[in-house]
Amino acid sequence: MLDIPAQPDAPIACDMRGAPDTPEERLQAYRALFATALLARERRPDAVVLRLRAEATATVEALARREAACCPFLSYRVEPDGDAITWTISGDSAETLDAFDALAQGRRITLPA
């Protein structure tokens, strides 16, 4: 299980300046993950809950760690769920949660410049 809580005083802003990947590479990683491993998604008022194939655990945990580094205002939790895993991304930024939900639905999103 991986549990990365939100940093309470973090500004609601994504900062990928120190990231090992570019924004487009990150989006491509999500598209590939969801195309091969997504089993179900649920949008809640304060969270996006993704159920994924257990084989994707290492990929999901790596993405969660990278997201926590650039978007520390959200919480990231990855936990076993029977023969799958559940990744819950939660917080107060509806706009950011909507972007995760859109990606999970296969919709294209545009990141701010």
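The values are calculated or read from the model by the stated rules, or taken from the named source; none is laboratory data. The shown structure was predicted, so the numbers you read here are calculated from the model rather than taken from an experiment. Virtual Cβ from ideal backbone geometry, glycine too; neighbours counted across all protein chains shown.
A few points about this structure:
- Residue list for the stretch 1-60, restricted to those being closer than 20 Å to S93 by Cβ, free of Cβ contacts under 8 Å to residues at least 60 places away in the same chain and in contact with a Gly (Cβ under 9 Å, 6 or more places away or on another chain): D46, A47
- For the stretch 14-26, the tally of residues that are closer than 10 Å to C70 by Cβ and part of a helix (DSSP H, G or I) stands at 2.
- For the stretch 78-98, the set of residues classified as assigned to a helix (DSSP H, G or I) and either closer than 18 Å to L52 by Cα or of a type outside the set (A, V, I, L, M, F, W, C) (or both) consists of E95, T96, L97, D98, listed by residue number.
- The residues in the stretch 38-59 that are assigned to a strand (DSSP E or B) and of a type outside the set (K, R) can be counted, and the count is 9.
- Whichever residue in the stretch 75-106 is free of Cβ contacts under 8 Å to residues at least 24 places away in the same chain and closer than 16 Å to L39 by Cα and, among such residues, is surrounded by the most Cβ atoms within 10 Å (Cβ to Cβ): A102
- Of everything listed in (1) on the phi < 0 side of the Ramachandran plot; (2) assigned to a loop (DSSP other than H, G, I, E, B), the single unmet condition for G106 is (1).
- The numbered conditions (1) part of a helix (DSSP H, G or I); (2) out of contact with any Lys or Arg (no Cβ under 9 Å at 6 or more places or on another chain) are all true for A29 except (2).
- Checklist (1) under 9 Å from the mean Cα position of the chain (by Cα); (2) on the phi > 0 side of the Ramachandran plot; (3) not basic (K, R) applied to I89, failing item: (2)
- Scanning the stretch 1-45 for residues that are under 19 Å from S75 (Cβ atoms) and exposed (fewer than 12 other Cβ atoms within 10 Å of the Cβ) yields M1, D3, P8, D9, P11, R44, P45.
- Flag if P11 is assigned to a loop (DSSP other than H, G, I, E, B) and either within 13 Å of the chain's Cα centre (by Cα) or within 15 Å of A62 (Cβ to Cβ) (or both): no
- A64 being surrounded by fewer than 17 Cβ atoms within 10 Å (Cβ to Cβ), small (G, A, S) and outside any strand (DSSP E or B): no
- Among residues that are more than 21 Å from I109 (Cα to Cα) and modelled with pLDDT of 95 or more, A64 is not included.
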